[in-house]
1. Taking the options 277, 251, 236, name whichever one is under 30 Å from residue 121 (Cβ atoms) and not assigned by TED's automatic domain parsing to the domain that holds residue 170.
2. The conditions are (1) modelled with pLDDT under 95; (2) among the charged types (D, E, K, R); (3) part of a strand (DSSP E or B), and residue 88 fails exactly one of them. Which is it?
3. Across segment 57-78, which residue is modelled with the highest pLDDT among those that are of a type outside the set (S, T, N, Q), assigned to a loop (DSSP other than H, G, I, E, B) and over 24 Å from the mean Cα position of the chain (by Cα)?
4. Checking residue 115 against (1) part of a loop (DSSP other than H, G, I, E, B); (2) buried (at least 18 other Cβ atoms within 10 Å of the Cβ); (3) more than 19 Å from the chain's Cα centre (by Cα), which single condition isn't satisfied?
5. Restricting the first residue to segment 106-118 and requiring it to be among the small types (Gly, Ala, Ser), which pairs with a second residue that is surrounded by 12 or more Cβ atoms within 10 Å (Cβ to Cβ) and modelled with pLDDT of 95 or more meet a Cβ separation below 9 Å and a spacing of at least six or different chains?
6. Please work out if residue 190 is surrounded by 14 or more Cβ atoms within 10 Å (Cβ to Cβ) and either modelled with pLDDT of 95 or more or out of contact with any Phe, Trp or Tyr (no Cβ under 6 Å at 6 or more places or on another chain) (or both).
7. In segment 120-144, what residues are more than 19 Å from residue 84 (Cβ to Cβ) and of a type in the set (Lys, Arg)?
8. With in the same structural domain as residue 176 (by TED's automatic domain parsing) and not aromatic (Phe, Trp, Tyr) as the only criterion, which of 102, 120, 149 stands out?
Amino acid sequence: MTQNTQSYFLELGIINTLLIDRLTTPGAYLMAQDGNDVLLPGPYLTQDMREGTLVDVFIYTDSEDRLVATTLKPTAMLDELALFEVIDVAPFGAFMNWGLSKDLLVPNMFQKTPFKLGEKRFIRVIYDERTHRLVGTEKLGDFFDRDVKGLAVNKEAKILVIAKTPLGFKCLVNDKYEGLIYHNEIFETITLGDERTAYVKSVRKDGNIDLTLRKAGSKKSGGSDEKVLALLKENKGIMPYNYKSDADLIKDVFSLSKKEFKRTLTSLQDANKIEVKDTGIYLKD
């Protein structure tokens, strides 16, 4: 229940504050100020719902394309972006778990690549002018603000990882811009839905932002030293790597670039904490 002002229109895809006009066998009919009403089905009614009071509901369309209300909150509302799971695939599109009784359809035309059962993707909820329904889209081009303000090289930014591409991981930056972290600059595990702090490498003319997870010029040898020492202790003081080890192998094992790995080995040797031989790294007592 709420004390908010009654909505003037019935608005698809968002929370509406509506007057309980009448209670019937199918449920409660809720009315906007313009006189139009919508059904809130019986399963969503509570004992404290009375005629003449206001209630907050989300409005979408049922399987027969009629407006219907629910007190449930969906995974995302109109124009919002969220991580959805594919729960069914049909010839014309994929259905996503939306948290509502009716699943959200992502038509084939709004998919970048074919969806597979059980996978998760970031989807934006939009209004489809052709069908007059709420649908999902993976094509986010017009979702991002291309007029980047307040971000410059090496500036800290809040990111949400939203897609993996051949070049790297696409990110939502500060809730409104598009950014990319290139694969060859990632030395740790990244997954969809991760929220992190990143740093701006460059802001391109098209409004896209190149990102890095490490601030340019920062010295993280201390953290790298501790990481290598911890791994050595976990492996009884011996690991079969050295300055000549393959860069991809170093990335997989230590989550470091080869340059940082070599710098760390030198730092630890200078501190007399390890010895590096052709056969590997040895922890000193």
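1. 251
2. Failing condition for residue 88: (1).
3. Per the stated criteria, the residue is 66.
4. (3)
5. Listed pairs, sorted by first residue: 118/85; 118/86; 118/87.
6. So residue 190 does not fit the description; no.
7. 130
8. The conditions single out 149.
The values are calculated or read from the model by the stated rules, or taken from the named source; none is laboratory data. Worth saying up front: this structure is predicted, and the values here are computed from it rather than measured. Using ideal geometry, Cβ is built from the backbone for each residue, glycine included, and neighbour counts are taken over all protein chains shown.
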